Amino acid sequence: MQLAIWLIERPRWFKRTVLIVNDIVMLTFALWAAYSLRLSELYVPDSLDKMLLMAVAPVIGIVVFYMRGLYKLVTRFIGPEGTTRIYVAVIIATVLWALVVLMSGVKVHPRSVIVIYGLIAAGLIRLSRQWAASALLKAAPQHKPVSFDERKRVIIYGAGTIGIQLLRALNETGKYKAVAFIDSNPSLAGQVVHGVKVLRPEKIGKTIAEENVKEVLLATPSALRGERRIAIRALEAYPVVVKTLPALEEIASGHVEVSDLRLIEVEDLLGRDPVIPNLELLSANVRGKVVMITGAGGSIGSELTRQLLRLGPQTLVLFELSEVALYEISMEIEEVQRRLRMRAEADAPAATTVVEVLGSVLDRKLVSRTIQELGVQVIYHAAAYKHVPIVEANPFAGLQNNTFGTLAVAEAAKELGVDRFVLVSTDKAVRPTNIMGASKRLAEQILQALAQERGTTTIFTMVRFGNVLDSSGSVVRRFRNQIKAGGPVTVTHPEIIRYFMSIPEAAQLVIQAGTMATGGEVFVLEMGTPVKIDDLARTMVRLSGLEVRDESHPDGDIAIEYVGLRRGEKLYEELLIGENTTGTSHPRIFKNSEPILPFEDLATALERLEDAMHRMDETELQELLRATVEGYVPSTTGHAVSPKGEWQPVSRTLH
């Protein structure tokens, strides 16, 4: 037993060497036994030719075993798939050796020896593996696979290459029993793949009930998100947990293990089919330049940092107020650079210099010194307070950071001749009902006004989009935590809708839109179909394998509670102020022409705003915002309408 434990702890190459030695011995013995049985005496080769024929048989066997992947199998969990591989490999090795015998010209060679050799070799190789598996499992019972009756019964949705690779990976663990494939391809219906029948999607309900299936494993390519959404929608009606892998395509190359199976997330459902990025647009204003990202540790700022690094800037300046956020993104970037250096790609931007700057965008001296000393050429301004309830409760801080922080960086960029300034904006800036939206619209107005001034060489532009999935404080992350805690899941209003986009897609489109700018444009990202938040909450509950508890299902697992709209919150968000929208060279980026307030007039309004902020006069602040920001209609009560039409006090905490 001690020897077995010692073997389990050895490196993989050592274990493979032991298996190869074992197979050489088994094959040599099988051949000698075949001759002895055929000739009815203990066989001793009587010529050099016959000795060479005996010697070449195990060599052929080892080469075939290696090519067939026998030495990649885990001996303890070899299973039926491994047994089949052994038999097929022995047959191939036997046939190849028979060809060698026929071509050798050795006379008086019993043909039946070939058949006897194959049978004995197959038995010995299989039995030796079985004995080793038994001994190793006895020594390490914690690694023993569950019994046949205890194996988890699952359905694999998708019978293509990825589904087959997933089935093989599941079989090797010994913990899963695939009872069926589900595939919409009519040509596959009724066929059997590796012993598992392929069924059409309409039979999934019956199969789940009859086979007592609790999990469905999604095996559709992650690149085809539309197809995956259809599959997920079809599974929502059943009491099963839906799982997938981070990148199912990697199973075939062995980069992903079954242990990486994860629950389907709402991102898999809301994510859109990717649009191939325009590489020229991505790199035109980045490669070889000095680029600064403000708010580099935030959700969008950090993703911009990751993507910009891969585009090969000369210097990447990470400007961030939070020390923790700056440290985390810096450590991540170091790791990315290390991996890029290891790959040694021809154009890998491993030589990019990364500079961390800890400070506030309101610190004009620090901003100016950073731009001047490092020679910043492009700025992506993502630094902002974004959580509506918190900014609503702290209007002076929100305006100071979002509006006057943008003013400080933009004026420094103009004075020091920065080539391009791209503001990351929000759909909440359109006809805002809250301080956060108003502060961002003012930031947009600042850039529009600066772009119109004579002598301006800096290209100022802004990119406006809606919610991003799984950003800090996002509704998706909140719902996920509430479900883990057993509920209830809190929704502000049953009719509230929002647009969603993944963080990587948003950052990629921001970079491309910024390259298109000529000055003063408002770029709007195509956000797709809006999502009803109530439906989103219910979908997330079901995707967790749970049931919503309501009047029709009083025994459900998770309740949905409606807590009322928060102060300043809309039922829906907009992306456009006017109707003057035109397309661009990118199918998901649009350009909008909106009213522009001359900088002289805007500067006067900003001075009055700043004075009201110094005096902490919220009444005057609200009046000035209404006069300056088009469409601004603030909440004036501190209350929100509940779904039943009743007035409820709004919580000042972030929901």
Filter the range 502-552 for residues that are over 20 Å from G301 (Cβ atoms), part of a helix (DSSP H, G or I) and small (G, A, S) and give the result.
-> A537
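Could you run through the range 428-448 and say how many residues are out of contact with any strand residue (DSSP E or B) (no Cβ under 9 Å at 6 or more places or on another chain) and either closer than 18 Å to A397 by Cβ or assigned to a loop (DSSP other than H, G, I, E, B) (or both)? Reasoning before the result, please.
Narrowing the range 428-448 to residues out of contact with any strand residue (DSSP E or B) (no Cβ under 9 Å at 6 or more places or on another chain): 428, 431-435, 438-439, 442, 445.
Checking the rest, the ones that are also either closer than 18 Å to A397 by Cβ or assigned to a loop (DSSP other than H, G, I, E, B) (or both) come to 428, 431-435, 438-439, 442.
Of the residues in that region, 9 qualify.
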Filter result for L571 (among the aliphatic types (A, V, I, L, M), surrounded by fewer than 15 Cβ atoms within 10 Å (Cβ to Cβ), outside the structural domain of R229 (by TED's automatic domain parsing) and at pLDDT below 80) = yes
Pair list, Cβ under 8 Å, 6 or more apart: the range 106-121 residue farther than 17 Å from L96 by Cβ, other residue among the β-branched types (V, I, T) and modelled with pLDDT under 85 | none
Qualifying residue in the range 406-415 (condition: acidic (D, E) and touching a strand residue (DSSP E or B) at 6+ places or on another chain (Cβ under 9 Å)) | no
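Quick one: count up the residues across the range 539-560 that are within 22 Å of the chain's Cα centre (by Cα) and within 29 Å of K428 (Cβ to Cβ).
Step one: filter the range 539-560 for residues within 22 Å of the chain's Cα centre (by Cα), giving 539-545.
Checking the rest, the ones that are also within 29 Å of K428 (Cβ to Cβ) come to 539-541, 543.
Total meeting the criteria: 4.
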Which residues, counting only those in the range 25-53, are closer than 20 Å to G123 by Cβ and either crowded, with 16+ Cβ neighbours inside 10 Å or not assigned by TED's automatic domain parsing to the domain that holds S112 (or both)?
-> M26, L27, T28, A30, L31, W32, A33, A34, Y35, R38, Y43
Residues in the range 36-59 that are part of a helix (DSSP H, G or I), closer than 18 Å to S104 by Cβ and over 59 Å from the mean Cα position of the chain (by Cα): how many?
-> 4
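Conditions (1) modelled with pLDDT of 80 or more; (2) over 22 Å from Q508 (Cα atoms), marked per residue:
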{"residue": "A346", "(1), (2)": "no, yes"}
{"residue": "P349", "(1), (2)": "no, no"}
{"residue": "V354", "(1), (2)": "yes, no"}
{"residue": "K365", "(1), (2)": "yes, yes"}
{"residue": "T370", "(1), (2)": "yes, yes"}
{"residue": "A383", "(1), (2)": "yes, no"}
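Rundown of residues vs (1) within 21 Å of the chain's Cα centre (by Cα); (2) among the β-branched types (V, I, T); (3) under 22 Å from L442 (Cα atoms); (4) at pLDDT 85 or above, yes/no style:
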| residue | (1), (2), (3), (4) |
| --- | --- |
| S471 | yes, no, no, no |
| G486 | no, no, no, yes |
| F500 | yes, no, no, no |
| T518 | no, yes, yes, yes |
Inside the range 413-440, the number of residues satisfying the requirement of being over 24 Å from A507 (Cβ atoms), surrounded by 24 or more Cβ atoms within 10 Å (Cβ to Cβ) and basic (K, R) is 0
When the range 363-397 is checked residue by residue, the ones that are out of contact with any Ser or Thr (no Cβ under 9 Å at 6 or more places or on another chain), surrounded by 19 or more Cβ atoms within 10 Å (Cβ to Cβ) and of a type in the set (S, T, Y) are T370
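What do you reckon, is T457 surrounded by fewer than 18 Cβ atoms within 10 Å (Cβ to Cβ), in a loop (DSSP other than H, G, I, E, B) and of a type in the set (S, T, Y)?
Values: surrounded by fewer than 18 Cβ atoms within 10 Å (Cβ to Cβ): yes; in a loop (DSSP other than H, G, I, E, B): yes; of a type in the set (S, T, Y): yes.
In short, yes.
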Taking T426 as the residue in question, decide whether it is under 18 Å from E607 (Cα atoms) and β-branched (V, I, T).
-> no
Please verify whether the range 327-336 includes one or more residues that are modelled with pLDDT of 90 or more, in the same structural domain as R306 (by TED's automatic domain parsing), exposed (fewer than 14 other Cβ atoms within 10 Å of the Cβ) and in a strand (DSSP E or B).
-> no
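Quick check on the range 372-390. Is at least one of its residues assigned to a helix (DSSP H, G or I), of a type in the set (V, I, T) and over 24 Å from Y499 (Cα atoms)? Talk me through it step by step, then tell me what you get.
Taking the range 372-390 and keeping what is assigned to a helix (DSSP H, G or I), we get 372-374, 388-390.
Those left that are additionally of a type in the set (V, I, T): 388, 390.
If we keep only those that are over 24 Å from Y499 (Cα atoms) too, we end up with none.
Within the range 372-390, none of the residues are assigned to a helix (DSSP H, G or I), of a type in the set (V, I, T) and over 24 Å from Y499 (Cα atoms).
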Within the range 117-158, restricting to residues that are under 27 Å from A89 (Cβ atoms) and touching a strand residue (DSSP E or B) at 6+ places or on another chain (Cβ under 9 Å), the one that is modelled with the highest pLDDT is I156
Take A408 and decide whether it is of a type in the set (A, V, I, L, M, F, W, C), farther than 30 Å from I533 by Cα and surrounded by fewer than 24 Cβ atoms within 10 Å (Cβ to Cβ).
-> yes
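The values are calculated or read from the model by the stated rules, or taken from the named source; none is laboratory data. Just so we're clear, the structure is a prediction, and the values are computed from it rather than from any experiment. Note that we place each Cβ from the backbone using ideal geometry, even for glycine, and neighbour counts take in every protein chain shown.
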